Each structure stands twice: as structure tokens, then as C-alpha cells.
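Nothing in this text is a laboratory measurement; each read-out follows from the coordinates by a stated rule. Just so it is clear, the model here is predicted, and its values are computed rather than measured. Every residue, glycine among them, receives a Cβ derived from its backbone with ideal geometry; neighbour counts consider all protein chains shown.
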Amino acid sequence: MFELKNNTNNSSIKTMNSLHFFYIIILSTTLIGASCTRSSPKNKKSFLTDYNKVITAASTLKRGHKDSDWEQLDRKFRIMLKEFEPTFRGQMSKKETLLFWENALGYVYVRYGLELLKRYAQTDETIMRIKGEILKHEIKLSPTIKRLCKEWPVLYGIDDSTISSALKKTFQLPKKKRLLPSPTEESAN
């Protein structure tokens, strides 16, 4: 039988095995990274379709689900808001824009619940962005929440008026007190 007695050859084999292992790890990491890269939607229609898939998935998950159930959805949702929405913003109709932000509000409500929304409304980048868009587009919360409670399975049976009034405090600015009435208030009198 042939036996290796030379330590030099043995250490060379170990080094080669270590290098092969290292190259396999690098190659695997590269392949996994490449397969996980997100592809940007080609047009507004594919963007809204992808977004609606995320929203549909969120509308059926309950807050009680493990964070691991939400992880992938959260990542997709944040990418949609942060990277893709600015690209397609100018192409969306007013109705599509309103529906987009209404559904975003529904997502964060279902995901975090009212208490966490209140707590992070001034610090979380995504929640602040949604709040800003709600104010910018003057989205009425009562009809929005009423629609979400009817359409989203996870919200069936929830009193929409309770949610609406609580979210109004969190997502809408209070009316400014004025010494003089605004021109529209004057003409109404």
C-alpha cells in the first residue's frame, strides 16, 4: 500500500482542500446573491401588479404571525416604497396614487397595529413617508379604513370607526387655529 510519509505533501493537500472549500463558499455566496437580487419592474403596470401581490399577501396575514412570516413581505414592501414608487410616481393616475397610499396605510396598520404606529409615527422612515403622502394627497381616513375593513380578510369584523378615529390622531395634522377665518369659511357664512 502506498502511504504518505511526507508532511509537506500532506499539508499541501490540506491547503488545496481549504482553497477549494473557500472557492466553493465564494461561488455559492455569489450565486445566492445573484439569485436574490431584485429586478426593477419594467413599467407601471408590472410595478402595480407586484405591489398588489404584496398588499394581497399582507391583507391575509395576521399580526400574530411570526416575524419570519413578515420578513420577506416587509423587504418587498419597503423596496416598493423606497425604490420603485419614485420611479413610477409620475406615471400613476390620481386614483392609482390614492389607492397605493391607502393600501400602504393598511399594510402598516395590519403589520404593526395601532400602538406601534403611534409610537413610531415620528421616527420610522416608512411610516413617516406614508403619513406624509396621506397628508399630501389629503386622503380621508374614514372612507379608506371602511374600504380596507371590507376588502381585507384580516380586518373583517373590525369596527372601522374606532380605527379611523385613532388613526386620525396619528396620521393627520390638527387643524391650525386662526385668528381670522379662511376665505372659504368667510364665503360660507
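For F77, the stated conditions do not hold, so it cannot be described as in a helix (DSSP H, G or I) and in contact with a Lys or Arg (Cβ under 7 Å, 6 or more places away or on another chain). Please work out which residue is farthest from G113 (Cα to Cα), limiting yourself to the range 46-74 and to residues that are part of a helix (DSSP H, G or I) and among the small types (G, A, S). Restricting to residues being part of a helix (DSSP H, G or I) and among the small types (G, A, S), the top hit is S46.
With respect to the conditions (1) within 24 Å of I79 (Cβ to Cβ); (2) in contact (Cβ under 8 Å) with a residue 12 or more places away in the chain; (3) surrounded by 16 or more Cβ atoms within 10 Å (Cβ to Cβ), D160 lacks only one, and its number is (1).
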